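I have placed the structure first, in the form of structure tokens, so that the comments after it can refer back to it.
The values are calculated or read from the model by the stated rules, or taken from the named source; none is laboratory data. Because the structure is predicted, anything quoted here is derived from the model rather than measured. Positions of Cβ are generated from backbone atoms using ideal geometry, with glycine treated the same way; all protein chains shown enter the neighbour counts.
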Amino acid sequence: MIGMAASILIIVKGRVAGISGILGSMMQLKNTPVDHFMWRALFVSGILLSSVVYGLFFPLPESIINSSYITLVGAGLLVGFGTRMGSGCTSGHAVCGIARLSLRSLVATLIFMGSGFLTAYLLFHVL
Amino acid sequence: MFYKHVRVQNIFTFIAGLTFGIGLIVSGMSNPDNVIRFLDLSGNWNPSLAFVMAGAIPISFLGFLWATKKNATLFGDPIHLPGKAHINPRLIAGGILFGAGWAISGFCPGPAIVAVGAGYSKALIFTVAMLVGMLVHDHLLPTLDRKLFVKQ
């Protein structure tokens, strides 16, 4: 379904389904044509409402969030800053980028997955 | 005619977002506990998310193949694609920071929005911090580029 969604967006709207890029661009309101904001807002609204729509038909699986508030703030800052600096996240680089056979996205994916594996190891087995 | 085409595009863009979010729910990505168990290789490893990516990539591949062959959307509008080749220190440094935040919280941007929609206040806190992180980066970018990444 993730692949289908990415395909719909590129075929219908000609855009890459990269969530960090979409969110980052939405916040740059200066000199932005309405259409550039519109499609992003529609796509993000779809994601926001997905839990509600899914919940109408099936029991919604629980999201287990064990981290404390302060940890989440720190992690959120890292994810926001890092995805903008690296020009993409899991959707833009790992799914769409690799699907486009982009070497840059493959490298980015290997880096953030590697960093994720290493951080998890340090966090849960060393500290 | 023009008005109609924009409306169809808008509807499908919304449906794409909805499909994307439901895909994250079905695949277990919207549960940070799953993601952390995927990233923690030496714990009680949960490999399922590797299959999620392995499944999503070939299907997106077909979509991108169609769009790039035609070099236009279904409606004949231009498609917008970022460059493929440019590998720079910024890409690497960003990936390291993102990967760390991802493993700490179990959230990346898409699933965080899904969990906000499901009403989790912790997901909202994460998402607000993430948006602040994005704004801080975009605000500092010119300085960062000058000091760190562009060597004269």
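Odds and ends about this structure:
- Scanning the range B:54-78 for residues that are in a helix (DSSP H, G or I) and of a type in the set (Gly, Ala, Ser), we see that the one that is nearest to B:Gly23 (Cα to Cα) is B:Ala56.
- Of the residues examined, A:Phe43 is one that is more than 19 Å from B:Ala93 (Cβ to Cβ), at the interface with chain B (Cβ under 7 Å from one of its Cβ atoms), free of Cβ contacts under 8 Å to residues at least 40 places away in the same chain and touching a Phe, Trp or Tyr at 6+ places or on another chain (Cβ under 9 Å).
- Positions within the range B:108-124 being within 20 Å of B:Asp138 (Cβ to Cβ) and either more than 7 Å from chain A (Cβ to nearest Cβ) or not in a helix (DSSP H, G or I) (or both), in sequence order: B:Cys108, B:Ala112
- B:Gly17 being at the interface with chain A (Cβ under 7 Å from one of its Cβ atoms), assigned to a helix (DSSP H, G or I), touching a Leu at 6+ places or on another chain (Cβ under 8 Å) and surrounded by 22 or more Cβ atoms within 10 Å (Cβ to Cβ): yes
- Residue ID - farthest from the other protein chains (Cβ to nearest Cβ), chosen from residues in the range A:61-87 that are surrounded by fewer than 16 Cβ atoms within 10 Å (Cβ to Cβ) and aliphatic (A, V, I, L, M): A:Ile70
- Among residues of the range A:13-35 that are free of Cβ contacts under 8 Å to residues at least 60 places away in the same chain, those with a beta-carbon under 6 Å from a residue that is among the aliphatic types (A, V, I, L, M) and outside any helix (DSSP H, G or I) at least six positions away or on a different chain give the pairs A:Gly14/B:Ile79.
- Being within 7 Å of chain A (Cβ to nearest Cβ), surrounded by fewer than 19 Cβ atoms within 10 Å (Cβ to Cβ) and either part of a helix (DSSP H, G or I) or not charged (D, E, K, R) (or both) holds for only one residue in B:Leu97, B:Leu81, and it is B:Leu81.
- In the range B:141-152, the residues that are surrounded by 10 or more Cβ atoms within 10 Å (Cβ to Cβ) form Cβ pairs under 7 Å with partners that are at pLDDT 65 or above and of a type outside the set (Asp, Glu), at six or more places apart or across chains, as follows: B:Phe149/B:Asn88; B:Phe149/B:Pro89; B:Phe149/B:Arg90.
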